[in-house]
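Structure first, commentary second.
The values are calculated or read from the model by the stated rules, or taken from the named source; none is laboratory data. Because the structure is predicted, anything quoted here is derived from the model rather than measured. Quick reminder, even Gly has a Cβ in these numbers, built from the backbone with ideal geometry, and neighbours come from all protein chains shown. When the accessible area is computed, the model is the full protein with side chains, heavy atoms only, and any ligands, DNA or RNA have been set aside. Shrake-Rupley method; radii C 1.70, N 1.55, O 1.52, S 1.80 Å.
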Amino acid sequence: MYDLIVVGGGPAGLAAAVYAWDSGLRSILIVERDRELGGILNQCIHNGFGLTYFKEELTGPEYAHRFVELLQKTGVEVRTDTMVLDVTPDRKVHMTGPATGYRVEEAKSVILAMGCRERTRGAIGTPGTRPAGVLTAGAAQRYVNVEGFMPGKRVVILGSGDIGLIMARRMTLEGAKVLACVEVMPYSGGLTRNIVQCLEDFGIPLYLSHTVTEIRGDRRVEQVVVSRVDQRRQPIPGTEMVFDCDTLLLSVGLIPETELNTRAGIELDPRTKGAVVYENMETSLPGVFTCGNVTHVHDLVDFVTQESQRAGAAAAKYVLGGEPAGEAIPLQNGDAVSYTVPQRVRPANVDKAVEVFFRVNRICGKSEILVTAGERRLAAFKRDRLAPGEMEHITLPKALLEGVTGAVTVSVKEAG
Amino acid sequence: MIDVLIIGCGVTGAATAMELSRYRLDVAVLERENDVALGATRANSAIVHAGYDPKPGTLMAKLNVRGCARTAELCGKLDVPYQNCGSLVLAFSEEEVGTLRTLLDRGIQNGVPGLEILSGDEARRREPHLSDKVLAALWAPTAGIVSPWELCLAMAETAVKNGAALHLETAVTGLERAGEGWLVHTTRGDFAARYVVNAAGVDSALIHDMAAPHEFDIKPSRGEYYILDKSEGKRVSAVIFQCPSERGKGVLVGPTVHGNLIVGPNAEASAPHDTATTAEGLDFVKRTAMLSVPGLNFGQSIRNFSGVRANSGREDFVIGFKAPGFLDLAAICSPGLTSASAIGEYAAELLKEDGLPMEAKPDFTLERRRTRFKELSSEDRAALVSRDPAYGRVICRCETVTEGEILESLRSPIPPRTVDGVKRRVNAGMGRCQGGFCGPRVVDILARELGVTPDEILQDRTGSRILVGKTKEAGADV
């Protein structure tokens, strides 16, 4: 019986395991499906990681390596090349791997840190033929950065998520011609710094309020048709542009990989598509915690690390100190806010303060983030600008939440 | 000289090859594509129809009803996913209730067992997600669902195991009567055969015209579909049809043997091989399906596809000898998948009647098993992985497909050469991430096992390269 099994050895799982060790657990197992630890960071060879957490600029593999080094100073056990197939409500973890074999391990606590997957063409229903040359930006990133192969030479990118933007630059640096980045929304889904550094610096046009309305080509992509869309995101006839290209990369969103959550019967939040969590990243299943992109999709790994440390510490507290007590206050999203993480807070279980992550559902200029309980205003935070592509966070002191009955709402009010 | 040369290795050609491989005959199958099952066989509703649609007295009626029973039996023997889930045809008006009675009558005449007209409430008790506007429904308990490409593969593999020769990437360019048989010109040289069987699907009229006077045209009709995620897979338990019209059996909602939900098709005239989807077509499918099952969540779509029906405008298949030694199994439109196994048997009968000597092979085997890690118990998984560690490495996480299963498929009688070929054999890449995760890993395994470089691996048909070269050298000529 392990104190803790961490499912996934990416940035979330690594930080959680290290922190759980530092918090006193001594029997910890990380299960990682790849042959190496680090998760998706291993294919993110660009820089820009760690600015918040390490106060320096690292590449993805470097960022992962920092935590692998920390891990090596602990006694945490690691099983790579091993996939977890099931976590049962009584915390039996079914896993399989060529060296591991098929086995079932029991744990006093579990941290789910499986990350996310990319939305696909099927999810957005792009019409046309189905040739080779249509692939997600993440798959293309793996081919280029890990396998050393080019998936195409003339590229259109649908969606302006961060991986798509990063791949626009990457493919260009490898000699491909990136013809356009096409975004259905009137704003980009990626970080501003990526728009600037990956598109603008390379003269790659970004078509906002546009989408791909047809894929052409028999065996391999030959053309894509791009159309402008109206306010309801419907293509406007007569606005078609045809691009001669051999590749369409998709960067149309990430979805938490919650298959294990579902099988375990863990409550999911339709807004984040990850588990509903308490202030300590505990799920609806006692002793099962979750962190990182399987909980809600982050933009910056630094915040994944912070969140995962909280999960690691909470798992240690759960194992060493028993179950946390106290009534939970629901956190709700109000105007302009699409979700909050955590979704529930137990003030009695909050140490000093609770960090709340959220996203806005539209671009907001100079604004106030309002935290209210019924009619009562608990706190307000000023921001110059908020965008859906940039996750926000606020810190709510414990004192603020004590004595609150009913739900707490986070909303954004634009000035003027 | 080849005794029987079959043109086309879709489900009809494969069934015929399998039936003929029971006998001491030299059988060859020519397939234009780089794998079997690449035409209508891989892109259809995947339904085993009960047989109340075809006009009584037609060959189609007979072969449909026979095929429905035969497919169920065959799937058991050949380890092909099949489920006898039954089907409902919905009526939304009194006029359509009349159509149900017509279908019931036809079904009874065709010998379809167990047909029954249910009230709207009875239908909703069976299928709680049905529209409350449904007045009545025709219940057909013998209908089922099947993996169409695996059925084709299983029959083709059985034929090959029993001695039939399969020639891939071999397109027929001409047919010439030569002595007692035929000289078949192809892109890979000539084949001499005593009998030629035309199972060329949407191109069956072209092949027919090479050997016999013009008799029929194929008027290709394209149907577009949605596949929804497994989270929608239990929305219905039987196949839900609307009343058929002259354009076809209409838009259906049904479970798939892989646990997903299939929704479609529409019917639009198209070019013979035009399997594109269109915004209009998909929108029509979506709106029409919602009439039957209003709660469908199209947000859970994981894939769209379309397939082309080999319609001839007739109410029957075109089956029979049309020139000496030339047998048409042509215009196999819906219910072609259901009928295929019966068409194969019937083709063998026709050849026998025509004088082809058929001596049974004592060592004919009708058996096939493949490992499905996902369906094994924990104990069986543990035993399998300890025996062969490759079964411990999960390659496709959505469908839980292991490296061992992929390697096993590469040792099968018709090994896959492409990423989609692997998908059709072991389901890798069929899930919600659509190969985003396993695609590069399958490319690696194929390259390693076939002894080629990753950029030579194809997605699907000939020419569908996934990678255009190595980094640092691919961009030179942009």
> Starting at 0 and stepping by 5 Å, how many percent of the alpha carbon pairs of segment B:228-287 end up in each bin?
Replying inline: 4, 17, 23, 22, 20, 11, 3
> List for segment B:267-294: residues with 40 Å² or greater reduction in accessible area, all protein chains versus chain alone, probe 1.4 Å?
Replying inline: B:T277
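Where Rh denotes the Kirkwood radius from the mean inverse Cα pair distance, what is Rg over Rh for segment A:105-176?
With Rg and the Kirkwood Rh in hand, the quotient comes to 1.11.
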>> Which lysines, if any, have their Cα less than 25 Å from the Cα of B:K322, not counting same-chain residues under 8 positions apart?
In response: B:K55, B:K62, B:K219, B:K352
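Please report, in whole Å³, the volume per residue of the convex hull around the C-alpha atoms of segment A:344-416.
94
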> Once phi is turned into ³J(HN,Hα) by the Karplus curve 6.51 cos²θ - 1.76 cosθ + 1.60 with θ = phi - 60°, what whole-Hz value does each residue of segment A:400-416 show in order, with x for glycine and proline?
Replying inline: 5, 8, 5, x, 6, 10, x, 7, 10, 10, 10, 9, 10, 10, 6, 5, x
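Span-like helices, chain A: DSSP H, alpha-carbon axial extent 27 Å or more, mean Kyte-Doolittle -0.5 or greater, which ones?
Passing helices, by number: A:301-321.
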> log10 I(q)/I(0), Debye, Cα-only segment B:367-428, no solvent, q = 0.11, 0.21, 0.26 Å⁻¹?
Replying inline: -0.22, -0.80, -1.15
> Quick one: Cα convex hull volume of segment B:348-478, Å³ per residue?
Replying inline: 201
> Sequence-distant or interchain residues sharing an amide H contact under 5 Å with A:T213, placed H: which?
Replying inline: A:V225, A:V226, A:S227
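Could you grab the relative contact order for segment A:230-345? Cα pairs under 8 Å, six or more apart, rounded to a whole percent. Don't jump to the answer; show the numbers that get you there.
Values: 133 pairs, mean separation 25.1, N = 116.
About 22 percent, as a whole number.
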>> In square angstrom and rounded to 100, what buried accessible area do you get between chains A and B, total over both, with the probe at 1.4 Å?
In response: 4300
> Per residue, how many Å² of accessible area does the protein assembly as shown show with a 1.4 Å probe?
Replying inline: 38
> Using a probe of 1.4 angstrom, how much of the accessible area of segment A:255-383 is carbon and sulfur, in percent?
Replying inline: 51
> Ordered by residue, what ³J(HN,Hα) values in Hz, to whole numbers, does segment B:420-435 give under the Karplus form 6.51 cos²θ - 1.76 cosθ + 1.60, where θ = phi - 60° and Gly and Pro are x?
Replying inline: 6, x, 5, 4, 5, 8, 10, 6, 5, x, 8, x, 5, 8, 6, x
>> Considering only C-alpha atoms, what is the centroid distance from segment A:235-261 to segment A:5-70, in Å?
In response: 29
>> Quick check for me: using +1 on Lys/Arg Cβ and -1 on Asp/Glu Cβ, what's the dipole size of the protein assembly as shown about its Cα centre, in debye to the nearest 20?
In response: 980
>> Once the cut-off is 34 Å, how many percent of the Cα-Cα pairs in chain B end up in the long-distance tail?
In response: 35
>> Taking just the alpha-carbon atoms of segment B:62-208, what radius of gyration and Dmax come out, in angstrom?
In response: 21.9, 65
> By a straight-distance test (C-alpha under 16 Å), which lysines pair with B:K472 as possible cross-link partners, with residues fewer than eight away in the same chain excluded?
Replying inline: A:K153, A:K177
>> Residues of segment A:152-173 losing 30 Å² or more of accessible surface, assembly versus chain alone, probe 1.4 Å, please list them.
In response: A:K153
> Lys/Arg Cβ at +1, Asp/Glu Cβ at -1, dipole of segment B:368-437 taken about the Cα centre: which of B:M430, B:I395, B:S377 is farthest positive-ward?
Replying inline: B:M430
> How large, in Å, is segment B:239-348 by the Kirkwood hydrodynamic radius built from its alpha-carbon pairs?
Replying inline: 16.0
> Going by Cβ distance under 4.7 Å, what cysteines of chain B have no possible disulfide partner?
Replying inline: B:C9, B:C68, B:C75, B:C85, B:C152, B:C243, B:C333, B:C398, B:C433
>> Could you tell me the calculated FRET efficiency between B:E215 and B:E169, based on Cβ-Cβ distance and R0 = 45 angstrom, to the nearest 0.05?
In response: 0.95
> In a solvent-free Debye calculation with one equal scatterer on each Cα, what is log10 I(q)/I(0) for segment B:1-139 at q = 0.08, 0.10, 0.12, 0.15 Å⁻¹, listed in the order of the q values?
Replying inline: -0.32, -0.48, -0.64, -0.89
> Once you treat every alpha carbon in chain A as an equal point and sum by Debye, what is log10 I(q)/I(0) at q = 0.10, 0.14 Å⁻¹?
Replying inline: -0.72, -1.29
> Across bins of 5 angstrom width beginning at 0, how are the C-alpha pair distances of segment B:123-225 distributed, in whole percent?
Replying inline: 2, 9, 12, 14, 14, 14, 9, 7, 6, 6, 5, 3, 1, 0
> Rg and Dmax of segment B:117-174 over Cα atoms: what are they, in angstrom?
Replying inline: 21.4, 57
> What are the ³J(HN,Hα) values, in whole Hz, obtained from phi via the Karplus relation 6.51 cos²θ - 1.76 cosθ + 1.60 with θ = phi - 60°, for each residue of segment B:340-352 in sequence order, with x given for Gly and Pro?
Replying inline: 3, 5, 6, 4, x, 4, 5, 4, 4, 4, 4, 5, 5
>> Just to check, using Stokes-Einstein with a Kirkwood Rh over alpha carbon pairs, what's the diffusion coefficient of segment A:86-231 at 10 °C and 1.306 mPa s in µm²/s?
In response: 91
>> What number results when the radius of gyration of the protein assembly as shown, computed over Cα atoms, is divided by 2.2 N^0.38 Å?
In response: 1.01
> Carbon-plus-sulfur fraction of the accessible area of segment B:231-285, 1.4 Å probe, in percent?
Replying inline: 54
